[in-house]
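Peer 1: Dumping the structure here so I can ask a few things about it.
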Amino acid sequence: MNLPRIVITGVGLTAPNGNSLAEFRANLLAGVGGIEPLEVRYMGPLIAGVCHYDPLKYQKKKEVRVGTRAGSISIYCAHEALADAGIPVESVAKDRTGIYIGITEHGNVETENEIYSLSKYNYDTKFWSHYHNPRTVANNPAGETSLNLGVTGPAYTIGAACAAGNMGLIHAAQMLRLGEVDLAICGGVSESIHTFGIFAAFKSQNALASHSDPKKASRPFDLARNGIVISEGGALYTLERLDDALKRGAKIYGEISGYHVNSDASDYVLPNPERQAECVAASIRRAGLRPSDIHIVNTHATATPLGDVQEADGLRTVFQDCPDTYINNTKSFIGHAMGAAGALELAGNLPSFDDLVVHPTINVDNLDPKCALPGLVINAPVKAKRVDAILNNSFGMLGINSTLIIKRYVA
């Protein structure tokens, strides 16, 4: 069966170190991270990845106040993706457009803030906001985006823990191939830094990163890594069937070639390297490629002592003899953006199709021997001979794994 080819035609993002793909990419190549101090309720001074986009670029003050941070990030990224794709909002076929946004969690921020506000009124529930329900439903970020854009097609979120960013793109590609929509706005977002609960939970697991220099706190694969830097952010894409993109003369970033999703079914938190390796291998087979055909592997590694080793073990299983395969990590720059992680990390590598440069993993002062991988790019970019396929790993709690492969577009 000849399935329609699905291509990426627009990218919109906000990350702790950039509010456009050009700015984000420039900082990845220059080694510029985006982690900074953050005062967290009940916990005091911590560090986090904070985005500094302009929420009023596409929303009014009241809309920002009534809505959520995740919704605001989604609206910003959606508009930026459409503009990048050369698709004016007013020309979008509203009933034939789908919005598919991956999230890790949603509602925690609003519930926590509402209870805190209520505490100032002796917990009198008459002061509970009547906006609380629409703010906390799981489909909120996609729903806010559909309201803002006037999109009447399907708009919903995909809860897939930290695999969610990849899942947004995978699901969108499937809906386009099924003919359910003609344009998809998809990817992942996260507002996680605005709830103290996620910081407290990781701290209780001894998995919250700390460092005297915030920009050096996120250090995947380094022997001194000590945990996750929690971040917010978002990256949304416009996906189209190739014929439609060519018809309007669209710029094409790359083609969705392969993907796979599976589950560890072994632990709430600890990753399973065998299942991860199976996920990676299955996505390569689906793409009709061999491991040696992959030129960039973006790792999920979050800088936890065990998690990084487990992923490295899984990757060794697949990429045993692949001299042209480079491996990098984006969380070393921006921390862990949870539901946005996979989508942001993919975006940072897409320009490699054009410039053949592979951005590094930074903050690796002393590589953990257990994480040593052939082709691991450390602390400085490298020039590749060719970049024809990029593989993006995103794994999440409760054992969900997702791998997405983007190929260079060839007519």
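FYI, it's all coordinate maths here, none of it is from the lab. None of these values were measured; they are calculated from a predicted model. Methodologically, a virtual Cβ is constructed for each residue, glycine included, from the backbone with ideal geometry; neighbour enumeration extends over all protein chains shown.
Peer 1: Can you spot the aspartates and glutamates whose alpha carbon is less than 18 Å from residue 383's alpha carbon? Ignore those fewer than 8 places along the same chain.
Peer 2: 293, 324, 354, 355
Peer 1: Rounded, prolate or oblate: which one fits the stretch 259-407, using the alpha carbon gyration tensor with axes a ≥ b ≥ c (rounded when a/c is under 1.5, else prolate when a/b beats b/c, else oblate)? Numbers along the way, then the final one.
Peer 2: Values: a/c = 1.45, a/b = 1.18, b/c = 1.22.
Cα axes put the stretch 259-407 in the rounded bin.
Peer 1: May I ask you to derive the FRET efficiency for residue 90 and residue 66 from their Cβ-Cβ distance with R0 = 30 Å, giving the value to the nearest 0.05? List each step's numbers first, then the result.
Peer 2: Values: r = 24 Å, r/R0 = 0.79.
The calculated FRET efficiency here is 0.80.
Peer 1: For the stretch 346-379 and the stretch 245-293, what is the separation of their Cα centres, given in Å?
Peer 2: That distance is 19 Å.
Peer 1: May I ask for the net charge around residue 325, where only other residues with Cβ less than 12 Å from the Cβ of residue 325 are counted and Lys, Arg are +1 while Asp, Glu are -1? Present the calculation step by step, with values, prior to reporting the outcome.
Peer 2: Values: positive: 290, 316, 385, 386; negative: 293, 321, 324, 388.
Combined, the nearby Lys, Arg, Asp and Glu give 0.
Peer 1: Considering only the other residues whose Cβ falls under 15 Å of the Cβ of residue 343, what net charge follows from Lys and Arg at +1 and Asp and Glu at -1? Numbers along the way, then the final one.
Peer 2: Working: positive: 25, 331; negative: 80, 84, 191, 232, 345.
Residues close to residue 343 contribute a combined charge of -3.
Peer 1: Report the full-extension gain for the segment residue 354 to residue 83: residue separation times 0.36 nm, less the Cα-Cα distance, to one decimal in nm.
Peer 2: Numbers: separation 271, 0.36 × 271 = 97.56 nm, distance 2.03 nm.
The residue 354-residue 83 span can extend by a further 95.5 nm.
Peer 1: How much length would be gained if the chain were fully extended between residue 23 and residue 367, taking 0.36 nm per residue of separation minus their Cα-Cα distance, in nm to one decimal? Walk me through the intermediate numbers first.
Peer 2: Values: separation 344, 0.36 × 344 = 123.84 nm, distance 2.81 nm.
Using 0.36 nm per residue and subtracting the Cα-Cα distance, I get 121.0 nm.
Peer 1: Rounding to the nearest 20 debye, state how big the charge dipole of the stretch 259-407 is about its Cα centre with +1 on each Lys and Arg Cβ and -1 on each Asp and Glu Cβ.
Peer 2: Working: 11 positive and 16 negative charges, 68 e Å.
The calculated dipole for the stretch 259-407 is roughly 320 debye.
Peer 1: Cα atoms only: what Rg and Dmax, in Å, come out for the stretch 6-247?
Peer 2: 18.7, 61
Peer 1: Answer with a single label: of (1) 149; (2) 130; (3) 112, which was calculated as volume of the Cα convex hull per residue in Å³ from the structure in view?
Peer 2: Computed from the coordinates, volume of the Cα convex hull per residue in Å³ corresponds to (2).
Peer 1: What is the sum of charges, Lys and Arg at +1 and Asp and Glu at -1, for the other residues whose Cβ falls under 9 Å from the Cβ of residue 129?
Peer 2: Values: positive: 135; negative: 110, 114.
Around residue 129, the charge tally is -1.
Peer 1: Assuming R0 = 35 Å, what is the FRET efficiency of residue 411 and residue 138, from their Cβ-Cβ distance, to the nearest 0.05?
Peer 2: Numbers: r = 40 Å, r/R0 = 1.14.
The computed FRET efficiency comes out at 0.30.
Peer 1: Name all residues of the stretch 186-213 having a backbone nitrogen under 19 Å from the label point set 7 Å from the Cα of residue 117 along its Cα→Cβ direction, giving them as ranges.
Peer 2: 191-197
Peer 1: To the nearest 0.05, how large is the calculated FRET efficiency for residue 3 and residue 52 if R₀ is 56 Å and r is the Cβ-Cβ distance?
Peer 2: Numbers: r = 40 Å, r/R0 = 0.72.
According to the calculation, E is roughly 0.90.
Peer 1: Can you tell me which lysines have their Cα less than 18 Å from the Cα of residue 385? Leave out same-chain residues fewer than eight positions away.
Peer 2: 407
Peer 1: Hey, got the dipole for the chain? About the Cα centre, +1 on K and R Cβ, -1 on D and E Cβ, debye to the nearest 20?
Peer 2: Values: 36 positive and 41 negative charges, 89 e Å.
So the dipole magnitude of the chain works out to roughly 420 debye.
Peer 1: Here is a further query. Return the lysines within reach of residue 203: Cα separation strictly under 29 angstrom, same-chain partners fewer than 8 residues apart disregarded; answer none if there are no such residues.
Peer 2: Straight-distance partners of residue 203: 120, 215, 216, 331, 370.
Peer 1: Can you tell me, using C-alpha contacts under 8 Å and at least 6 residues apart, the relative contact order of the chain as a whole percent?
Peer 2: Values: 1055 pairs, mean separation 95.8, N = 411.
This gives 23 percent for the chain.
Peer 1: Can you order the peptides 340-346, 167-173, 318-324, 218-224 by their average number of other Cβ atoms within 10 Å per residue, highest first? Mind dumping the intermediate values first?
Peer 2: Numbers: 340-346: 32.4, 167-173: 28.3, 318-324: 14.9, 218-224: 23.7.
Ranked by mean Cβ neighbours within 10 Å, highest first: 340-346, 167-173, 218-224, 318-324.
Peer 1: Now a separate question. Which order do peptides 55-68, 146-159 fall in by mean Cβ count within 10 Å, highest first? Please report the intermediate quantities before stating the final value.
Peer 2: Working: 55-68: 15.4, 146-159: 19.0.
Order by mean packing, descending: 146-159, 55-68.
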